[in-house]
Amino acid sequence: MCNLYSIVSNQQAIRQLSMALRDSTGNLPAIPGVFPDYAAPIVRNMPEGRELAMARWGLPSPAFALKGRTTDPGVTNVRNTASPHWRRWLGVEHRCLVPFTSFSEPEPRPDGKRPPAWFALAEDRPLAFFAGIWVPQWTSVRKVKEGEVTTDLFAFLTCEPNREVGAIHPKAMPVILTEEHERETWMTAPWAEAKALQRPLPDESLVIVARGEKRDGA
């Protein structure tokens, strides 16, 4: 599953493509490596309109996953949207767009290592968005040394992989929205309609743009 991605597009492009009316991120730098539990930009529905904001990557884990644990680092990818745990957050008030320019999957090697292979829509890494879910002001212990914190959280949907991703990671790929009508459907439509977006990109829609490094800042 995708546990590492990059967003190196400029702030104005993110606001423009997502139709964000407000921006609370301040001076948003390029992030060549977004890791689980790190803060990253999302575009969310708010009463005043769409807002570009920062949230922490990893939604609250289901109760069964927390048995015997004292911390909850969060769930980065959501696949089973029929689960009651996720179903409560599938309305438009909890949907978001997660901007990215490339994402990685671990590539198995003969020596047993699994370095990242980076995928993008093209070599120049155009801006696109994952279909995301966000939860406001969730209180939990993410890390023992940090203690209890209250913060906004997000993750994104996954689905069956297309041919390019499946050749490296046959289990899943992120749900990617490349067209304006897809982004609008995700942010505004009832779940009965929006759930159709949980599908892989067509084959030959992605290319491998880098290998080996845990950051993709090109």
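Each value in this text was obtained by applying a stated rule to the coordinates, not by laboratory testing. The structure displayed is predicted, hence computed values, not measured ones. As a convention, Cβ positions derive from the backbone with ideal geometry for all residues, glycine included, and neighbour counts pool all protein chains shown.
Quickly estimate the mean residue ellipticity at 222 nm for the chain, helices only: each DSSP H run with n ≥ 4 gives -39500 (n - 2.57), and the total goes over all residues, rounded to 500.
On the way: 5 runs with 29 residues, N = 218.
Mean residue ellipticity at 222 nm (helix-derived): -3000 deg cm²/dmol.
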The extension gain from residue 10 to residue 188, computed as 0.36 nm times the residue separation minus the Cα-Cα distance, is 61.6 nm
Rounded to the nearest 5, what % of DSSP beta bridges with both residues in the chain are antiparallel?
85 percent
Quick one: net charge of residue 162's neighbours, Cβ under 9 Å, K/R +1, D/E -1?
-3
Most to least packed among 131-141, 98-108, 19-29, 149-159 [average Cβ atoms within 10 Å]:
98-108, 149-159, 131-141, 19-29
For segment 85-167, state which GluC sites (Glu not before Pro) are in a DSSP loop and have at most 16 other beta carbons lying within 10 Å of their beta carbon.
123, 146
Roughly how compact is the chain, stated as its Cα Rg over 2.2 N^0.38 Å to two decimals?
0.98
Relative contact order (%) - segment 1-91, alpha-carbon pairs under 8 angstrom, separation at least six:
25 percent
Mind checking segment 47-139 for trypsin sites (Lys or Arg not before Pro) that DSSP puts in a loop (not H, G, I, E or B) and that have at most 14 other Cβ atoms within 10 Å?
67, 69, 88, 113
Give the calculated FRET efficiency between residue 83 and residue 54 to the nearest 0.05, with a Förster radius of 22 Å applied to their Cβ-Cβ distance.
0.25
For Cα pairs less than 8 Å apart in space and 6+ apart in sequence, what is the mean separation divided by the residue count of the chain, i.e. the relative contact order in percent?
24 percent
Take 119, 130 and order them by how many other Cβ atoms sit within 10 Å, fewest up front.
130, 119
Packing-wise, with mean Cβ within 10 Å as the measure, how do 43-49, 57-63 rank, highest first?
57-63, 43-49
